[in-house]
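Everything on this sheet refers to the single structure shown next.
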Amino acid sequence: MELEQAIRTRRTHKVYAPQPLDRETLDELFELARWAPNHKLTNPWRFRVVGPQALERLKQASDDPIAAAKLDRAPTLVAVSATQSGDPVLDEEDVLAAATAAYVVLLAAHGRGLASYWRTPGVLRTAEGRAALAVADGERVVGLLHLGHPRQEPRVPERAPVADVATYLD
């Protein structure tokens, strides 16, 4: 798949076939994500593949039954976080680098015909949710990636025209 086509056709999927992704595919996605740009080559991204026991802990940590049920949408969940050093500038750069790495995972999955959904559920911002996924105090969670095989084609969303989002300065 051409890069521009991948960017233009990747969609958020909310309906998946039941089979989880195999470890080899996940490792391929994470290998590509390691090539995301990052300041000072800190390699701040961390990927946690959520297994059945961790998923149950995460659902129990949620105080919202509807939000907890959404965790069952995809057969494979990956929590993405960024290591934090305590330096505010470096920490911001590392969060942005980890977010870029997460997007690489989404694009690479799409290039393989897989479906994905990037979420930031509230439970990941709680001590209980972080503990459920063994997220260290020195990390910031940037998202939860839902991955799997698609069961339906999502609609194409409207996008703002370039003129609404780009400014050319003298």
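What follows draws every value from the coordinates through simple rules; no lab data is involved. If you're wondering where the values come from, they're calculated on a predicted model, not measured in any experiment. Methodologically, a virtual Cβ is constructed for each residue, glycine included, from the backbone with ideal geometry; neighbour enumeration extends over all protein chains shown.
Brief remarks on what is shown
- Residue range of the chain that is longest and free of chymotrypsin sites (Phe, Trp or Tyr not before Pro) which are both DSSP loop and sparsely packed (at most 11 other C-beta within 10 Å): 36-167
- Of the trypsin sites (Lys or Arg not before Pro) in region 17-67, those whose Cβ has at most 16 other Cβ within 10 Å and which sit in DSSP loop: R34
- Fewest-first ordering of S116, S62 by other beta carbons within 10 Å of each residue's beta carbon gives S62, S116.
- Radius of gyration, Dmax [the chain; alpha carbons; angstrom]: 16.7, 56
- Separation of alpha-carbon centers, region 133-153 and region 11-71, rounded to whole Å: 3
- Among P121, P150, P52, the largest mean-square fluctuation in a Gaussian network model of the chain, built with springs joining Cα atoms closer than 10 Å, belongs to P52.
- For region 3-165: relative contact order, % (alpha-carbon pairs under 8 angstrom, 6 or more apart): 36
- Per-residue HN-Hα couplings for region 149-166 [Karplus 6.51, -1.76, 1.60; θ = phi - 60°; Hz; x = Gly/Pro]: 8, x, 10, 7, 9, x, 6, 8, x, 6, 10, 5, x, 3, 4, 7, 10, 10
- Long-range amide H partners of A115 with built H, under 5 Å: G148, H149
- The convex hull around the C-alpha trace of region 77-116, projected and averaged over every direction, spans 2.8 square nanometres.
- Cα pair distances exceeding 15 angstrom across region 1-90, given as percent: 73
- Region 102-153: trypsin sites (Lys or Arg not before Pro) falling in loop per DSSP and having at most 15 other Cβ within 10 Å: R112, R151
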